[in-house]
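First up is the structure itself, then whatever we jot down about it.
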C-alpha cells in the first residue's frame with residue numbers, strides 16, 4: 001500500500017502550532033507564569049487602593065494580555081521557522097509505503113525505513129493525520145487537498161492493521 005502527498009509551508013505552520021500547544025511542559029510553565037502575573041498584578045502596591053472587583057479585573061486583563069502575546073510570539077516563531085527553512089526533503093512530495101520490512105518514507109532527497117519494531121502511533125485530526133515513528137517525531141499527512149496517489153483513509157486503515165498484526169505477533 002502506498003500514499004503519495006505534497007507537504008507545503010502551511011502544513012508545517014499548522015503542525016508546528018499544534019505541537020506548540022500540546023507540549024505539557026510548556027503548558028505547565030505557561031500556567032505558572034500566568035498565575036504569577038495575575039497574582040503580581042492583583043497584589044501590586046498601586047492597585048491596593050482599588051476595590052477588590054477592579055483588582056480582579058485588572059489582574060485578569062493583564063494575564064489575558066500576557067497569554068495573547070505569548071501565543072502570538074509562539075505562532076510567529078513557528079511560522080518563521082516554517083517559512084525560512086531551506087532544507088530539502090521537508091517540503092514537496094512525500095511517499096509513505098507499507099512493505100514487509102516496515103514503513104518507508106521517501107522524498108526527492110531521502111529514503112527512510114522504519115521497521116515494524118518501531119513504536120508507531122497514529123493521530124488524526126480533521127485536516128491531518130500524524131504517523132508517529134517515535135514519541136516526538138511524526139510524519140504529517142495532509143487530508144486536504146487529496147493526495148497525489150492513494151487514499152489517506154485506506155492507507156491509515158492498512159497501517160493500523162499492520163501495526164496491530166506486528167504488535168500482537170499475529
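Can you tell me the relative contact order of the chain? Whole percent, Cα pairs under 8 Å, sequence separation 6 or more. Let's see the in-between values first.
Values: 200 pairs, mean separation 48.7, N = 170.
Contact order relative to length: 29 percent.
The modelled label-to-label distance between residue 65 and residue 49, using points 7 Å beyond Cα along the C-beta direction, is 2.0 nm. Mean residue ellipticity at 222 nm, helices only, the chain: -16500 deg cm²/dmol; runs of at least 4 DSSP H residues each add -39,500 (n - 2.57), and the sum is divided by the number of residues. Principal-axis analysis of the Cα atoms of the chain puts helix 152-167 at an angle of about 80° to the longest axis. Each label point was placed 7 Å from the Cα along the Cα-to-Cβ direction; for residue 136 and residue 104 their separation is 2.9 nm. Report the label-to-label distance for residue 24 and residue 1 in nanometres (one decimal), using points 7 Å from each Cα along the Cα→Cβ vector. With each label placed 7 Å out from Cα toward Cβ, I get 3.0 nm. Please check which bits of region 106-126 a label hung off residue 75 would reach, taking the label as a point 7 Å along Cα-to-C-beta and the cut-off as backbone N under 20 Å. Taking a point 7 Å out along Cα→Cβ of residue 75, the residues of region 106-126 whose backbone N falls under 20 Å are 125-126. Given the alternatives (i) 48, 36, 26; (ii) 72, 38, 23; (iii) 56, 32, 22, Cα extents along the principal axes in Å as computed for this entry is given by (ii).
Bear in mind these aren't lab numbers, they're just calculated from the coordinates by the rules spelled out. Worth saying up front: this structure is predicted, and the values here are computed from it rather than measured. Cβ atoms come from the backbone with ideal geometry, glycine included; neighbour counts cover every protein chain shown.
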